[in-house]
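Encoded as structure tokens, the structure appears first; notes follow it.
The values are calculated or read from the model by the stated rules, or taken from the named source; none is laboratory data. This structure is a prediction, so every number in the text was calculated from the model and none was measured. Cβ coordinates were reconstructed from backbone atoms using ideal geometry, including for glycine residues, and neighbour counts include every protein chain displayed.
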Protein chains: 4
Amino acid sequence: MGKIRFGIVGIGMMGKMHMTNLQRNPHAEVVAVCARTASKVKAVQEEFGVPYGYTNVDELLANPEIDAIVVATGADAHKEPVIKACKAGKHIFCEKPLAKTLEDCAEIEEAVAANDAKMFTVGFMRRFDPSYAEAKAKIDAGEIGTPILFKGVSLDPDTVLPAHLEGVKNGIYVPWFIEMGSHDTDLARWFLGGDPEECFATGDAYVCKELADYNDYDNGFSLTKFDNNTTAYIQVGRTGTCSHVESEIVGTKGTIRVNSVPRKNYVSQFTKAGVVEECQESFLMRWRDAFEGEINDFVDCIMTGRKPETTAHDGTMSLKYCLQLHQAYLDGKKK
Amino acid sequence: MGKIRFGIVGIGMMGKMHMTNLQRNPHAEVVAVCARTASKVKAVQEEFGVPYGYTNVDELLANPEIDAIVVATGADAHKEPVIKACKAGKHIFCEKPLAKTLEDCAEIEEAVAANDAKMFTVGFMRRFDPSYAEAKAKIDAGEIGTPILFKGVSLDPDTVLPAHLEGVKNGIYVPWFIEMGSHDTDLARWFLGGDPEECFATGDAYVCKELADYNDYDNGFSLTKFDNNTTAYIQVGRTGTCSHVESEIVGTKGTIRVNSVPRKNYVSQFTKAGVVEECQESFLMRWRDAFEGEINDFVDCIMTGRKPETTAHDGTMSLKYCLQLHQAYLDGKKK
Amino acid sequence: MGKIRFGIVGIGMMGKMHMTNLQRNPHAEVVAVCARTASKVKAVQEEFGVPYGYTNVDELLANPEIDAIVVATGADAHKEPVIKACKAGKHIFCEKPLAKTLEDCAEIEEAVAANDAKMFTVGFMRRFDPSYAEAKAKIDAGEIGTPILFKGVSLDPDTVLPAHLEGVKNGIYVPWFIEMGSHDTDLARWFLGGDPEECFATGDAYVCKELADYNDYDNGFSLTKFDNNTTAYIQVGRTGTCSHVESEIVGTKGTIRVNSVPRKNYVSQFTKAGVVEECQESFLMRWRDAFEGEINDFVDCIMTGRKPETTAHDGTMSLKYCLQLHQAYLDGKKK
Amino acid sequence: MGKIRFGIVGIGMMGKMHMTNLQRNPHAEVVAVCARTASKVKAVQEEFGVPYGYTNVDELLANPEIDAIVVATGADAHKEPVIKACKAGKHIFCEKPLAKTLEDCAEIEEAVAANDAKMFTVGFMRRFDPSYAEAKAKIDAGEIGTPILFKGVSLDPDTVLPAHLEGVKNGIYVPWFIEMGSHDTDLARWFLGGDPEECFATGDAYVCKELADYNDYDNGFSLTKFDNNTTAYIQVGRTGTCSHVESEIVGTKGTIRVNSVPRKNYVSQFTKAGVVEECQESFLMRWRDAFEGEINDFVDCIMTGRKPETTAHDGTMSLKYCLQLHQAYLDGKKK
């Protein structure tokens, strides 16, 4: 089998990152990129040495040299390329969240089911992080007994707030329980093996108070009862001192933590203020291995015929849970 | 001023521990003990060199040589000695929880108010732990901005389960949200500066399943909205791998954690399994400084006339919150 | 048996600390103190409630009510009270280092041998620190195989430098390899079970350069070959960022570290600079349990007739090793 | 400028690793490989898609399409390809140690000097590890004052011993002070900014006792006085519980540690035995970023004309220091 030939739809930060990782994979090559602005398409083609460039996903999908696509557009623009690519019989790697509404998710699931001969997955890259993968393996091996509680904390540093507020003012509504939370909702389902039943959520726009005018918040705290008698605590925030994603899975016989102290690297420093360990600054650095791992796994699935673990339905269920958390937050505010 | 002369009511593990700490305090002496069983009273008198022994709190309170009492009986036996000691004009140090019902709390508060010339406090010793005290000082100094979230986790090792189940079967009903939780509810109020408004709780008798027959549980998870727009996550359990109490206070500008890794001491060991740090085994060891600190502070209050920070009302409010958590747990089970 | 009645010779910081710990021990009481200055003796008697006060050790030893003494004078003033107390048939707890010359050590050892019916020990309190005691127990249990290397690092914060320089200028010559090093030389012998054979040492007066004029230094680094084919690395310094004593014992099957990160307490703080853990500020705080443990153990030895583990000969051998390190340092400077 | 075209001399584990990293670099391509065994050359050509294969370095160097070579042969086979490549005017990246004798180093330095228009460096990849690079940057920025002590510990797990002993029996003599030590000697010079003056070393074949028959050892401990009044402690071993390289740089105002706890990833696990963090298993995993960083830096040097920081002379001085340590060890054994 020759190299898998990829087209990348959406060439922002995420699209470029997947491009770089695909170019590192000896079994894949990126042959096309697609975005709305012709000049950007051309610039990316030159920077990364990509032969074909398109401003229209139909043209890209019409190119018979393309085996697979990466959908890295904004979340509300996933549906069109995914459904069209299903009809065109391509393999599809879609960024998370799968979509912004459950209706869109349903349409996507239907299209994906009709294209079952091809591979489809959603980019919940945390599952491919070496630490999360090891945590899952240990849990599956029974090392902590039966999982009863998942705790997920996902924080961005407060430096992201001005840009986020600007976006919100311009109508880009991506509350953190949905945008960031989609990772934690996926992890909760993955580790607990159940689905959410009842949610309770609090929080507020504590630092960037203007967000409250848009039903948005900079910190959200939630507790969710699962249908298999387990529980998930999910906390999201944009006011951290660093980029910090930590998780804990409590079992009946032990507990596993991932990234409880978000060390930037192996340096510790003795100062008059104490022992200091600098923290993780950017999610791209933190998840570098995970991003590379997920796309390599997808290429491997295409090559071997193995189905990806994460399905379109996982994407739907993660979003459904996110929307529940967000609604629970809004309900709490009404009281 | 001479030494403060103490009588100790209740001479179980806690009573003896307070005795030892009082005997170490150069400004205090223990002159009397009181318990129901005469032989035990006599044994403790001999072991600790205590001149007076009583089997009846009235007799103890009638002794004019006694300035202050420590109430270390079971939680439902606090009310009687406290109210009588108030009437007798003694200083009173009462173990936590203040009582087991809000009605008892109200009676105690009333009696304490009428004995206002004397000192009264409740034994929330965590406030006197050097680490918690430092956390509070840092927070009061503004080091983490405004607190918005308290997370309290209090776990006992699963070795406590058989004895606990035995107790439950014998009618001793101390669900963990009330017994252990009283510390966390006090800390939540202390750190957040507000009171609980709405609670959501889950959990179950996951390991010691028989507890469910008694409306008891071995793990409880809860999220509580506070009246000052802050939130508390409180988790209690009896299935830990060690004795582990950790707390986190999240502020708008930083976060403080206490005992995130419950190290037993300063030893770390490199083994084939990895780097291992043994964990805290017993709460008496973990809180040794705190227990000594709280009683020393109480002695100091008596000597200087300064009022203890923790009031009878704090005891009431802590219990009220515990009962809310416990009820939220029961409500969740009914669905 | 009644309480062991102690006299304390030398009432500086160390003498007072031992006094406090003895007063906490239910089997001991301090009945006399002795120091050169009558006014200080009187002040200490009043502060601690001690019946007898002396300015002359002979008078103290002549008091038949005294069973045991603690020698807490300067290192060069240990010999006189120890030898006299041996002749007077008292139990003796002597601060470390045993003396400042090997000649004095020999005289002490001889006197102690002649007073063999009584207890004698040297105050190497680190052996009684819970972490060191656990490390020793694990090693004795074979958990790290055969020890082959001891690494000891003992640092004081640089805030001690001005007072130290002042002392040196006034003729108080206590180079760090001798003063602080005596603990590490004792630990090295304790953990490795051998004696030093050949030393190599470097270092300098890097920060407090004036010390070099007095053959003193603020940092000393050394490597020592032991007679049982093991090795010790000992590092002492007065320019730390905190008070930091850490040790490592490397065995053929594992390694144990003690206090690698000198955490002050259980607090960790997330700040923009990273995760910060404050460090140990004072040796009295760090070794509080150890100091209390060593004196309690000594009291227990007297009561039970068990001989203390640390002998006068250990004191001699520790000093001998210190002097070797110090000489190796001086030899290195001559080249 | 087109891509830099590399030839790789030596296609063992290290040669393949550099190949992979060069193939990931968008500015480089590997056009040739060279090794003694024709079948291996062919296999590697096919696995990695390399157009030219040689069994003779002269033929490789005669290929005008080759701009640069990576020398990844055994240490005693570095001299020939390096000197020939200098004469052929190629850029050269040479693995460490530079050679096995100072005579070979001298010849190499001479040849490199005569090829000064081209780039040359030695593969001390630790300098490119993000943590070491950050440590160096902090030190250069004065964060710890003046460095006075370097401590380097480099341990392999004892699982390497059987293969090592087999090699030694077959005449492959690479004592750890030379093989592994070359990294630490380079780091010591890099951080301290001086050169070794006097060494003292101990150690033994504690676990794999047969090594002693070959003047080899499984643990070496050393202290070295530097010509700028600083000191280096270097410890190497093959009996660790894991692959563990840690370093500490002590300055007059602070201390920096790298990899003090060799965590494998971000997982920590609560078990009955305590909190466990698994450790680094392989040096390839630990230094993945460093290896990629060093070759990327070399490519960048070629492209920009900037000279690599690590020179042939650094390679010589590192080896000289290694040989001093090894000799000091042997001298100690004679006594």
How do the pairs read when you match residues in the range B:27-52 that are within 14 Å of another protein chain (Cβ to nearest Cβ) with residues anywhere that are surrounded by fewer than 19 Cβ atoms within 10 Å (Cβ to Cβ) and assigned to a loop (DSSP other than H, G, I, E, B), using Cβ under 7 Å and keeping only pairs 6 or more apart or on different chains? B:H27/B:K3; B:A28/B:K3; B:E29/B:K3
Checking B:G305 against (1) on the phi < 0 side of the Ramachandran plot; (2) away from chain C (no Cβ under 14 Å), which test does it fail? (1)
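If you check A:R5 against the conditions, is it within 14 Å of another protein chain (Cβ to nearest Cβ) and either surrounded by fewer than 23 Cβ atoms within 10 Å (Cβ to Cβ) or of a type in the set (S, T, N, Q) (or both)?
Spelling it out, it is not the case that A:R5 is within 14 Å of another protein chain (Cβ to nearest Cβ) and either surrounded by fewer than 23 Cβ atoms within 10 Å (Cβ to Cβ) or of a type in the set (S, T, N, Q) (or both).
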I'd like to know if the range C:294-308 contains one or more residues that are modelled with pLDDT of 95 or more, of a type in the set (K, R) and touching a strand residue (DSSP E or B) at 6+ places or on another chain (Cβ under 9 Å). yes
In the list B:Y233, B:Y217, which residue meets the criterion of being in contact with a Gly (Cβ under 8 Å, 6 or more places away or on another chain), within 14 Å of chain A (Cβ to nearest Cβ), among the hydroxyl-bearing types (S, T, Y) and over 20 Å from A:N219 (Cα atoms)? B:Y217
Specify which of the listed residues (C:K334, C:K225) is more than 30 Å from C:A28 (Cβ to Cβ), surrounded by fewer than 17 Cβ atoms within 10 Å (Cβ to Cβ) and either at pLDDT below 95 or touching a Phe, Trp or Tyr at 6+ places or on another chain (Cβ under 9 Å) (or both). C:K334
With respect to B:I172, determine if the residue is touching a helix residue (DSSP H, G or I) at 6+ places or on another chain (Cβ under 6 Å) and more than 7 Å from every other protein chain (Cβ to nearest Cβ). no
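So how many residues does the range B:115-140 have that are within 13 Å of another protein chain (Cβ to nearest Cβ) and either in a helix (DSSP H, G or I) or free of Cβ contacts under 8 Å to residues at least 60 places away in the same chain (or both)? Please lay out each step first, then the result.
From the range B:115-140, those within 13 Å of another protein chain (Cβ to nearest Cβ) are B:126, B:128-139; that's our starting set.
Going one step further and asking which of them are either in a helix (DSSP H, G or I) or free of Cβ contacts under 8 Å to residues at least 60 places away in the same chain (or both), we end up with B:126, B:128, B:130-139.
So the answer is 12.
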For the range A:237-282, give me each residue that is more than 7 Å from every other protein chain (Cβ to nearest Cβ) and farther than 23 Å from A:L192 by Cα. A:R238, A:G240, A:C242, A:S243, A:P262, A:R263, A:K264, A:Q280, A:E281, A:S282
Mind listing whichever residues of the range D:199-231 are hydroxyl-bearing (S, T, Y) and not in a strand (DSSP E or B)? D:Y206, D:Y214, D:Y217, D:T230
Could you tell me whether any residue of the range D:278-292 is crowded, with 19+ Cβ neighbours inside 10 Å, under 16 Å from the mean Cα position of the chain (by Cα) and closer than 18 Å to D:F191 by Cβ? yes
Look through the range D:141-164, keep the residues that are assigned to a helix (DSSP H, G or I) and over 27 Å from C:Y233 (Cβ atoms), and return whichever of them is farthest from the other protein chains (Cβ to nearest Cβ). D:A163
